[in-house]
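This report concerns only the one structure given below.
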Amino acid sequence: MSRGASELARRLAREAEAVCRHYLSNGRRQGRYWLVGDARNTPGRSMFVRLKESPKGPAGKWTDAATGEHGDLLDVIQKSCGLLDFHDVANEARRFLNLPRSDSEPSPKLAHTRAPISSPEAARRLFAISQPVAGTLAEVYLRNRGILASRDDSALRFYPRCYYRRDEDAPTEIWPALIARVTDLDGRVTGVHRTWLDPDGFDIVRLGKAPIDTPRRAMGDLLGNAVRFGTADDVLVAGEGIETMLSLRCAVPTLPMAAALSANHLAALLPPLQLRRLYVARDLDAAGNFAVAALTKRTLDAGIEAIPLTPRLGDFNEDLLAFGLDELREALRVQLAPQDVMRFMSPAAAETS
């Protein structure tokens, strides 16, 4: 560890309990230790942080009994905030300690973890340090959208302290976020999509999104790729938004789906090689109409059957909220090919969902 990093770690150790209360807020003090689930601030008791120096070791050191991981309070800041290089870790530590920011201070300890902002590698690391959706604010957000988490939620995660900047000159803000994994046709993670959430709850306009100008942003390589729910074989449903596709998945849980994240990216989506029929979930606006037309033409040119799915309102999540799951399911039943109704909507298919 460099001299600057060592000094920051020592200063943080002097304020160990305050650091834990701020960055590990889901834990609690017990005697000389702070107990929490892990360094990413997951609720639990498997990780313990030493709050005072003792014969067993210095203050600020921690060990996760479940994984064997260990480190100091700089590591806590890095993991709990989802930071990807030491420059940002050091500046966050200085902010907490009210010290001047450093323009550049690489560390041998974390220099190898540098990843360009918005790169696929940065996206992979953000997804890796996020936690499952169950029991988090992300699950509440999805429920507010009429969506119940399914057993197949591996594409979705939650991160409680996700960085957000309104523009390049604005200060960094921290909001909880729903994190969605973007993958290519081989299953490689190429990006993530972030939906920043309001920790204070639900309102009828934002339905739980954070009160910021752009509560949705993607990072990484998106072109041709998608957030995927289920494994596509010969049939796939593709659309724009994550909530749109999750709404359809609530109605037909065994039918594989892909969210391309925007109209332009939907138009450029790469279909799996084995695909024989593609349903295109339409958003009822000009951009959505363009995306459906462009993707349908490309799909037909490749010898794949293309069938549009049309909502009654602006998109299928609006339909789910307005009309309920049973009506959405019946609306889809008359739009799917008869063989897919039997395959994906029969009682036998429902039993396996």
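The values are calculated or read from the model by the stated rules, or taken from the named source; none is laboratory data. All of these numbers come straight from a predicted model, not from anything done at the bench. Glycine gets a Cβ as well: all are built from the backbone with ideal geometry, and neighbour counts include every protein chain shown.
Out of everything in region 282-314 that is of a type in the set (S, T, Y) and either more than 19 Å from R249 (Cβ to Cβ) or modelled with pLDDT under 95 (or both), what residue ends up being surrounded by the fewest Cβ atoms within 10 Å (Cβ to Cβ)?
T296
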- Item | Which listed residue, of L273, L295, L328, L278, is in contact (Cβ under 8 Å) with a residue 40 or more places away in the chain, in contact with a Ser or Thr (Cβ under 8 Å, 6 or more places away or on another chain) and either more than 21 Å from G146 (Cα to Cα) or not assigned by TED's automatic domain parsing to the domain that holds A238 (or both) | L278
- Item | Flag for R94 being of a type outside the set (G, A, S), farther than 24 Å from R165 by Cβ and either outside any loop (DSSP other than H, G, I, E, B) or modelled with pLDDT under 85 (or both) | no
- Listed residues L223, L255, L246; which is at pLDDT 95 or above, assigned to a loop (DSSP other than H, G, I, E, B) and of a type outside the set (D, E)? L255
- Message: Quick check on this structure: which one of T190, T214, T195, T183 is out of contact with any helix residue (DSSP H, G or I) (no Cβ under 8 Å at 6 or more places or on another chain), of a type in the set (S, T, N, Q), under 18 Å from I129 (Cα atoms) and at pLDDT 90 or above?
- Response: T183
- Message: Exactly one of these conditions fails for R228: (1) among the charged types (D, E, K, R); (2) surrounded by fewer than 15 Cβ atoms within 10 Å (Cβ to Cβ); (3) not in a helix (DSSP H, G or I). Give me its number.
- Response: (2)
- Query: From the list A155, A128, which one is surrounded by 19 or more Cβ atoms within 10 Å (Cβ to Cβ) and modelled with pLDDT of 85 or more?
  - Reply: A155
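Quick one: how many residues across region 322-345 are in a loop (DSSP other than H, G, I, E, B) and closer than 18 Å to P256 by Cβ?
Going through region 322-345, the residues in a loop (DSSP other than H, G, I, E, B) turn out to be 324, 334-337.
Then keep just the ones that are closer than 18 Å to P256 by Cβ; that gives 335-337.
Final tally of qualifying residues: 3.
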- Task: Kindly provide the set of residues from region 135-152 that are at pLDDT 90 or above, in a loop (DSSP other than H, G, I, E, B) and either among the aliphatic types (A, V, I, L, M) or not assigned by TED's automatic domain parsing to the domain that holds G191 (or both), ordered by number.
- Result: I147
- Check off (1) touching a Lys or Arg at 6+ places or on another chain (Cβ under 9 Å); (2) at pLDDT 80 or above; (3) buried (at least 21 other Cβ atoms within 10 Å of the Cβ) for F86 and give me the number that stays unchecked. (2)
- Query: A16: touching a strand residue (DSSP E or B) at 6+ places or on another chain (Cβ under 7 Å), surrounded by 14 or more Cβ atoms within 10 Å (Cβ to Cβ) and not acidic (D, E), yes or no?
  - Reply: yes
